């Protein structure tokens with residue numbers, strides 16, 4: 001199944017003061033600089049919020065296929081639409097979050113990342129456990145609900161309170177609630193989208209470490225680290241024995257990073273994409289802004305569908321498309337620069353809410369038989385329910401939490417990576 005929408009606050013990245021000064025002093029340099037990512041990506045002139053919203057909706061459409069029992073999500077045996085959307089989220093996130101890490105000291109940066117991820121996530125856990133879960137439990141256990149009522153639901157094994165506590169720090173350690181998801185619902189539990197949030201936050205921690213070590217001003221080292229991770233991914237996917245040993249069903253396929261237990265191939269794939277976006281930011285004054293490069297890199301991404309290496313579905317993180325996923329980042333940033341929708345969702349970002357609430361809504365609709373109406377009615381019904389929830393999440397939780405961004409926090413260490 002697919003994973004996470006980009007969970008970053010709506011923001012734009014201004015050209016650096018040095019670049020602006022050079023443009024003023026030397027008009028001939030300005031003409032050249034305007035063709036770079038740095039000069040093109042200006043305030044009020046990007047559509048990345050729209051792209052994030054579209055990617056979140058793509059995840060909903062992709063999950064509808066499986067959760068609604070309409071067949072397989074697999075695209076040419078290599079990936080799913082939702083997985084491709086996840087690639088996009090991580091690439092855009094890498095670009096924007098690198099800017100945040102470069103502008104702030106590590107303590108301030110991590111505080112902002114915490115505010116963007118955790119408050120809305122915690123509220124989602126509570127709503128899933130005590131509202132969605134209760135509705136599902138009453139629907140699936142009518143006899144027990146009549147004799148015992150809500151007390152039985154609250155005291156069942158895998159209780160709703162346990163769901164909140166065990167998943168509190170992003171890692172999904174309890175995927176089901178009481179007797180609400182028979183058969184663990186295709187193996188993904190109540191919310192099969194949450195698993196990528198820990199990987200996203202892990203990427204945030206990685207950039208915080210880079211910032212603390214001063215690596216964001218030594219971008220060649222960041223590029224070398226990203227290259228090593230990508231080459232490791234290539235070697236594993238191209239070697240059948242390594243693919244077997246590092247599959248999620250083998251002990252070697254799991255590692256612990258910053259306290260998170262994650263699948264090796266998920267880590268390599270998504271961190272590679274995230275760092276690709278970060279490198280676009282770090283080298284933004286050198287990277288040209290051209291449609292030719294956008295088209296060429298998109299073709300390289302599509303080449304992953306035909307490369308004769310790796311596994312096929314359902315091992316969507318062991319396929320050749322994982323190797324070419326890094327090439328999707330530049331086209332998305334280019335679209336963000338050039339699509340004429342800068343004012344659409346320029347301030348309000350509903351993509352995170354759509355992502356974290358859609359899956360449990362789709363599970364409930366399937367329990368009630370809405371999927372029998374057909375794929376399109378089912379999916380549109382899911383969107384009609386989740387969009388108001390996402391809007392409420394933004395206005396009531398996410399936006400209010402982000403108002404605390406400027407709250408003074410302790411500065412545990414000094415970084416030389418601010419701009």
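Just so it is clear, none of the values below were taken in a lab; they were calculated from the coordinates. What you are looking at is a predicted structure, and each value in this text was computed from that prediction instead of being measured. Backbone-built Cβ (ideal geometry, glycine too); neighbour counts: all protein chains shown.
Could you rank the peptides 77-84, 390-397, 288-295 by their average count of other C-beta atoms within 10 Å per residue, with the highest value first?
77-84, 390-397, 288-295
What are the radius of gyration and Dmax of segment 314-393, computed over its Cα atoms and given in Å?
According to the Cα coordinates of segment 314-393, Rg and Dmax are 16.8, 43 Å.
Shape of segment 17-402 from its Cα gyration tensor (a ≥ b ≥ c, root eigenvalues): rounded if a/c is under 1.5, otherwise prolate when a/b > b/c, or oblate? Display every interim value, and only then the final one.
Working: a/c = 1.81, a/b = 1.57, b/c = 1.15.
Prolate, because a/c is 1.5 or more and a/b exceeds b/c.
Over the Cα atoms of segment 105-226, what Rg and Dmax result, in angstrom?
19.4, 66
In what sequence, highest mean first, do 167-180, 214-227, 272-285 appear when ranked by Cβ atoms within 10 angstrom? It would help to have the intermediate numbers written out before the result.
On the way: 167-180: 19.4, 214-227: 16.1, 272-285: 24.4.
Highest to lowest by the protection proxy: 272-285, 167-180, 214-227.
Compare the peptides 114-127, 355-368 by average per-residue count of other Cβ atoms within 10 angstrom and give them in order, highest first.
355-368, 114-127
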